[in-house]
Each structure stands twice: as structure tokens, then as C-alpha cells.
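Readers should treat all values here as calculations from the given coordinates under stated rules, not as data from a laboratory. Just so it is clear, the model here is predicted, and its values are computed rather than measured. Heads up, the Cβs are rebuilt from the backbone with ideal geometry, glycines too, and the neighbour counts pull from every protein chain shown.
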Ligand code: CA
């Protein structure tokens, strides 16, 4: 089961909080709540949500400062809710690290669309994040691989294969999964393709390709990438 995205709702007005909570739950989100800036920061530390909805007018802290504080340690999306028509306040919030803002009063549909968009952007960003597995670094956007400080030249197919294993670091990826994702569903049974390419990868990434310690075989099942 896919876990429901967690939305942290930071809002001091009870009525507004109730309305938003009901709306978010009806869209399938899990909702955590905070009434103050301090509570919001503590909740993010305790359990980072997938997105933060942040009212700028809070009793204890300026919402802009809350956004800045969250942004110091977290890349999660922050959508600012502002009752103020004050454009300056919204600009300051964006400068402090907020990703988007909605001006109150807003239509529920509009806010939900912003939340969905923020989650989509976040999942795309997360997918392309550089992966570090021990001394191996895989950069999906640049399509580059480094072993320590040395760049390793890989063919596009070798790169795809390594990237899949890197995304599942430590876990076994089955022959079938690797074949389907790299060569397509029509080649799901062509295990010999994998043997050829894994051999090439090992020659590039293992100290002793005959005794692999990084790209390890799970006999009859698949392969896994182990941090070195
Ligand atoms: Ca408020």
C-alpha cells in the first residue's frame, strides 16, 4: 500500500484549521496540525511531512521566520497561506524558502491543486537526486558516476543498470525487474544480457571483478549494490 502523503497544517485559527483538515482528509492526505511557529518547527523535526501549509500570521513567530527555519534543514515543499494582501510579506516568504503561496480567502479547489503540484514536483526532484552509496556516487541528471574522486565512464545501458541498483541500495533487484526496466518487457527473460553487462560494470567498479564485493550476485534471483 502506498502511504498517504502527510500534510502539516500550520494555522492558529481553529475554524480555518478544521475546514482545511476536512478538505485535506477528503483528498486522501494524512494531516498533522500545529497552532504556533514553535510547534510547527518541532513537528517537522519529529516527523518531516511531505508538504507544509503555513499561515503567515501566527501568534508566536513571523511565518516567514518559520519558513526560513524549516528550510535550513529540509527541502520539503512549503506553501504559504496569507490573509494579508501584503505582497511584500509573500515575497519575503518566498525568499525565505517557501515554494508557493495562496492568498486568503482562497477556493478549496485551488489550494488542493497547489498541494498536488507541490507533491509532484517534490517526487520528480527526489527521483533525480544524486545517490551516494559508500564511495560510489551516481548523478542521474548529469548521467555521471564517480568512484571516490575518479569519474567512471559508463555506456548508457551500464548507467541505467547501475542507477536502478543504486536506487535500491542494499536490496536485491530481480533479473526480471532489471531486464524490464533497462531493456523493456519483451526482454524480461534474457538473463544473459544481464550477465554481459554486469560483467562490464564489475570490470569498471570492482577491485577484483572475479570476486565482486560491490555488485553482488543473489544466486538465481538478481543483484544488489552494496556500499563500500
Ligand atoms: Ca493566522
*Would you mind ranking 87, 168 so that the residue whose beta carbon has the fewest other beta carbons within 10 Å leads the list?*
87, 168
_For region 6-128: rounded, prolate or oblate by the Cα gyration tensor [a/c cutoff 1.5]_ = rounded
*So if R0 is 30 Å, what FRET efficiency would residue 61 and residue 150 give, r being the distance between their Cβ atoms, rounded to the nearest 0.05?*
0.05
*Kirkwood Rh over Cα pairs of region 131-225 into Stokes-Einstein at 37 °C, 0.692 mPa s: D in µm²/s?*
246 µm²/s
*asked:* For the chain, what does the helix formula give at 222 nm: sum of -39500 (n - 2.57) over DSSP H segments with n ≥ 4, over the residue count, nearest 500 deg cm²/dmol?
replied: -13500 deg cm²/dmol
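What list do you get for 175, 74 if you sort them by fewest beta carbons within 10 Å?
74, 175
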*Among bridges DSSP assigns within region 44-120, what percent are antiparallel (round to 5)?*
10 percent
*Using 1/(1 + (r/R0)^6) with R0 = 45 angstrom and r between the beta carbons of residue 208 and residue 74, what's the FRET efficiency to the nearest 0.05?*
0.65
*By how many nm would the segment from residue 142 to residue 13 lengthen if fully extended, with 0.36 nm per residue of separation less the alpha-carbon distance?*
41.9 nm
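Out of all DSSP beta bridges with both ends in the chain, state the antiparallel percent to the nearest 5.
Details: 17 of 34 bridges.
Antiparallel bridges make up about 50 percent of those DSSP assigns within the chain.
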*Helix 37-46 versus the longest principal axis of the chain: what angle, 0 to 90°, nearest 10, using Cα atoms?*
20 degrees
*How far is helix 14-26 tilted off the main Cα axis of the chain, in degrees rounded to 10, range 0 to 90?*
30 degrees
*What length, rounded to one decimal in nm, is gained on full extension from residue 177 through to residue 196, with 0.36 nm per residue of separation minus their alpha-carbon distance?*
5.2 nm
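Can you tell me the length gained on complete extension of the stretch residue 107 to residue 87, counting 0.36 nm per residue apart and subtracting the Cα distance?
The span from residue 107 to residue 87 would gain 5.3 nm if fully extended.
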*Kindly give Rg over Rh for the chain, based on alpha-carbon atoms, with the Kirkwood expression for the hydrodynamic radius.*
1.12
